[in-house]
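Taking it in order: structure first as structure tokens, then the write-up.
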Amino acid sequence: MTTSPTGPSALPLRTVKVENLSRVEGEGGLYARVENGVVREVKLDIFEPPRFFEAFLRGRHFQEVPDITARICGICPVAYQMSSVHALEAAMGVTITPEIRALRRLLYCGEWIESHALHIYLLQAPDFLGYDSAIAMAADHPKEVEQGLRLKKIGNDLLELLGGRATHPVSVCVGGFYKAPRRAELLKLKPDLEWGLEASLATVKLVAGLKFPDFAPDYEFVSVSHPDEYPMNERRIVSSAGVDIEPAEFERVSLEEHVEHSTALHSKRADTGRSYFVGPLARINLNLEKLFPRAKEAAKTCGIRWPSRNPFQGIVARAVELVHAYEEAITLVDAYQQPALSRVEIKVRAGEGCAATEAPRGVLYHRYRVNNQGLVEFARIVPPTAQNYRRMEDDLRLYLPGILDRSEPEIARACEDLIRNYDPCISCSTHFLKLKLDRE
Amino acid sequence: MNRPASQSKVERGAAKAAASLRVVGLGNPVAGDDSVGLEIVNRLRARGDCEGELVSLPQAGVGLMDALENVEAVLFIDAVSSGSPAGTLHLVPLPSGEVAPRALATLSSHGWGLAETLKLMEALGRAIPRLALLGVELGTVEPGAARSPAVEAAMETLVERFPAVYAFLAAAEKTGWAGPLRFPPGDTSLAGL
């Protein structure tokens, strides 16, 4: 980080730069201009080269898609696989079995576990406890960091068992799985999952006791919604402002646009042009009653009032979801019987389909058109972080005026903390953060 | 489509001294010479007579710590950039001043590597096994590029002479290690091992 040679807030123009935002997935920058105490401009500079996955997919066989889209992210590859297989199954009229559906949910639980544990303990906890890194924090809080590492590892173990490997799993296909695990293999994980459930309940208590800045914008929260389940794989998309649509209507409601300072697209409401918020906080706010029992109890007794509009309390939402993911994983493992067929037969036909699933960071929408040979003619992928960028910029506009009396490094750090609430995966959207603050 | 499905799994080589040494290949399989550590482990695995465990970690991140658990010694094989000619081999005991951690406060999760892993293990008070790095000086890390001819040649030498590397490490455990060894491109004798 570099700061201007000028001093504190009284000066008309000041500049703060954070060359790279730390503890996020990927790299990028932030620019803000403040004139006489008024925030004139905020830009998240997403400077990584665009990755062109949608173009790569054109002309590819549909069955290659989950393997290619998994490469979009090393932290949330399952999300990309899940949204792609559901969208392609919709395009070709494929119906999966309840057993495959349950196995997909279990795989998704593994990803939520490893991603949430990573973010809570290694990426965001240092913000609240006043450390620059998880390494610095580990020296004073080894027990908590060890707990986080073990929580994460169990998620990775689950992914490896179901997916063939923890990073970019290879077992997922359109129609199901190339291979389903044996029941005995899954049962071996149960003691770890049971430990993880207790540890994640302790995590909720830990993070709910943190001190949260007083900040609560008027958000529109958006998530997937299912009548009976906490949202993961299906199906409708709802919002706190009354949206309740099938995924096929998503592009009518949410509009992606290019902005000059970003290689990632920004999403906004098509009608109002307003930003919206996706992720664990949105999910809990919109689906609290559908959490598994212990997760729901933890949410309701941890001292946070839901729905919460404080983005800093996203760490509590993430911890509650960690409980849910462990709890649901145990239930799914208990009920699991190895299916006779791990995937259903696909009858290739031309068609178009879309789906939205819940990546650890929020709604992930995919749409594909395939021809009668099963080759992809069109692909659209709208990642959660890209949907949140405009909301992050809005947050910064609202947050900056209240912290301008601080020193430049403190302002920079506070802005980083605010952005980390979103657990941004810049690589997915395309990558992240420099803060440059001009003040006049 | 190329599917290195076995890459994240620990595979045991010949039973000899299996728990004492773990050979861990690091790198990016689709970034030119950065794939060299992974490819060497693939070839050692195909050789079938290597000592210890063979592990490939194409995207290790925080999970790198798992590779350092329950083992006496770990040899990392990775592409390195030190300014030497491409194909130069470096055998370096770790920790070493030559492998410095990046500025920790500016790390994204993508910046997490071996140096950060060792720092975290140290902070947690975890036992760190004896460590060494077998580095292959890279030429290009262009995405999708083929490996440089000099790196290919170094790789062939290493795979062929790997028993000598293992013997050197085993001896160094008893007699100590004076410091980093370097072998220029084209040196197939690896004299000194």
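The values are calculated or read from the model by the stated rules, or taken from the named source; none is laboratory data. Please read these numbers as outputs of a predicted model, since none were measured by experiment. All Cβ positions, glycine included, derive from the backbone under ideal geometry; neighbour counts span all protein chains shown.
If the condition is being over 22 Å from A:GLU393 (Cβ atoms), surrounded by fewer than 21 Cβ atoms within 10 Å (Cβ to Cβ) and in contact (Cβ under 8 Å) with a residue 24 or more places away in the chain, then the stretch A:210-232 contributes A:LEU210, A:LYS211, A:HIS226, A:ASP228, A:GLU229.
A single entry from A:LEU186, A:LEU118, A:LEU123, A:LEU161 fulfils the requirement of being among the aliphatic types (A, V, I, L, M) and touching a Pro at 6+ places or on another chain (Cβ under 6 Å): A:LEU161.
In this structure, is A:ASP405 charged (D, E, K, R) and either under 21 Å from the mean Cα position of the chain (by Cα) or part of a helix (DSSP H, G or I) (or both)? For A:ASP405, the condition - charged (D, E, K, R) and either under 21 Å from the mean Cα position of the chain (by Cα) or part of a helix (DSSP H, G or I) (or both) - is not met. Could you tell me which of the residues A:SER115, A:SER83 is in the same structural domain as A:PRO280 (by TED's automatic domain parsing), part of a helix (DSSP H, G or I), closer than 30 Å to B:LYS119 by Cβ and in contact (Cβ under 8 Å) with a residue 12 or more places away in the chain? Residue meeting the stated conditions: A:SER115.
Being surrounded by 24 or more Cβ atoms within 10 Å (Cβ to Cβ) and under 19 Å from the mean Cα position of the chain (by Cα) narrows it down to one of A:ALA79, A:ALA70, so name that one.
The conditions single out A:ALA79.
Going through (1) on the phi < 0 side of the Ramachandran plot; (2) surrounded by 20 or more Cβ atoms within 10 Å (Cβ to Cβ) one by one, A:LEU288 falls short only on (2). Taking the stretch B:108-193 and the helices (runs of 4 or more DSSP H) fully enclosed by it, the elements with 1 or more residues that are more than 14 Å from chain A (Cβ to nearest Cβ) and either more than 17 Å from the chain's Cα centre (by Cα) or more than 13 Å from B:ALA86 (Cβ to Cβ) (or both) are at B:149-160, B:162-175. Across the stretch A:120-132, the number of residues qualifying as in a helix (DSSP H, G or I) and more than 9 Å from chain B (Cβ to nearest Cβ) comes to 8.
For A:CYS173, the conditions (1) surrounded by 18 or more Cβ atoms within 10 Å (Cβ to Cβ); (2) more than 20 Å from the chain's Cα centre (by Cα); (3) within 11 Å of chain B (Cβ to nearest Cβ); (4) not small (Gly, Ala, Ser) all hold with the exception of (3). Please determine whether any residue of the stretch A:68-77 is in contact (Cβ under 8 Å) with a residue 24 or more places away in the chain, touching a helix residue (DSSP H, G or I) at 6+ places or on another chain (Cβ under 6 Å), outside the structural domain of A:GLU345 (by TED's automatic domain parsing) and outside any helix (DSSP H, G or I). No, the stretch A:68-77 contains no residue that is in contact (Cβ under 8 Å) with a residue 24 or more places away in the chain, touching a helix residue (DSSP H, G or I) at 6+ places or on another chain (Cβ under 6 Å), outside the structural domain of A:GLU345 (by TED's automatic domain parsing) and outside any helix (DSSP H, G or I).
Residues that are in contact with a strand residue (DSSP E or B) (Cβ under 9 Å, 6 or more places away or on another chain), closer than 30 Å to B:SER56 by Cβ and either assigned by TED's automatic domain parsing to the domain that holds A:GLY110 or surrounded by fewer than 22 Cβ atoms within 10 Å (Cβ to Cβ) (or both): does the stretch A:184-206 have at least one?
no
Of all residue pairs spaced 6 or more apart or on separate chains, those with beta-carbon atoms under 9 Å, a first member in the stretch B:153-179 that is under 22 Å from B:LEU138 (Cβ atoms) and a second member that is in a loop (DSSP other than H, G, I, E, B) and of a type in the set (Val, Ile, Thr) are B:ALA153/B:THR188; B:ALA154/B:THR88; B:GLU156/B:THR188; B:THR157/B:THR188; B:GLU160/B:THR188; B:ARG161/B:THR188. If only residues of the stretch A:10-49 that are modelled with pLDDT of 65 or more and surrounded by fewer than 15 Cβ atoms within 10 Å (Cβ to Cβ) are counted, the one that is nearest to the other protein chains (Cβ to nearest Cβ) is A:GLU41. Within the stretch A:309-328, residues that are closer than 17 Å to A:PRO293 by Cα sit with their Cβ atoms under 7 Å from residues that are aromatic (Phe, Trp, Tyr) and surrounded by fewer than 24 Cβ atoms within 10 Å (Cβ to Cβ), at 6+ positions apart or across chains, in these pairs: A:HIS324/A:PHE292; A:GLU327/A:PHE292; A:GLU328/A:PHE292. Report whether or not A:ILE135 is facing another protein chain (nearest Cβ under 10 Å) and either free of Cβ contacts under 8 Å to residues at least 40 places away in the same chain or not in a loop (DSSP other than H, G, I, E, B) (or both). When the stated conditions are applied, A:ILE135 passes them.
Please determine, by comparing only the residues of the stretch A:138-156 that are of a type in the set (D, E, K, R) and within 10 Å of another protein chain (Cβ to nearest Cβ), which one is farthest from A:LEU210 (Cα to Cα). Quick ask: steps written out before the conclusion?
The first filter runs over the stretch A:138-156 and keeps only residues of a type in the set (D, E, K, R), leaving A:140, A:143-144, A:146, A:150, A:152-153.
Pick out the ones that are also within 10 Å of another protein chain (Cβ to nearest Cβ) and you get A:140, A:143, A:146, A:152-153.
Working: A:ASP140: 16, A:LYS143: 17, A:GLU146: 19, A:LYS152: 21, A:LYS153: 24 Å.
If we take residues in the stretch A:138-156 being of a type in the set (D, E, K, R) and within 10 Å of another protein chain (Cβ to nearest Cβ), then A:LYS153 is farthest from A:LEU210 (Cα to Cα).
Candidates in the stretch A:60-115 are the residues that are among the small types (Gly, Ala, Ser), more than 14 Å from chain B (Cβ to nearest Cβ) and touching a Leu at 6+ places or on another chain (Cβ under 7 Å); of these, the one that is nearest to A:ALA180 (Cα to Cα) is A:ALA102.
The residues listed here are B:VAL55, B:VAL30, B:VAL62, B:VAL24; of these, the one that is aliphatic (A, V, I, L, M) and within 19 Å of B:ALA146 (Cβ to Cβ) is B:VAL30. For the stretch A:383-403, taking the residues that are of a type in the set (A, V, I, L, M) and surrounded by fewer than 23 Cβ atoms within 10 Å (Cβ to Cβ), the one that is nearest to A:GLY28 (Cα to Cα) is identified as A:LEU396. Does the stretch A:202-217 contain any residue that is modelled with pLDDT under 95 and of a type outside the set (D, E, K, R)? For the stretch A:202-217, residues modelled with pLDDT under 95 and of a type outside the set (D, E, K, R): absent.
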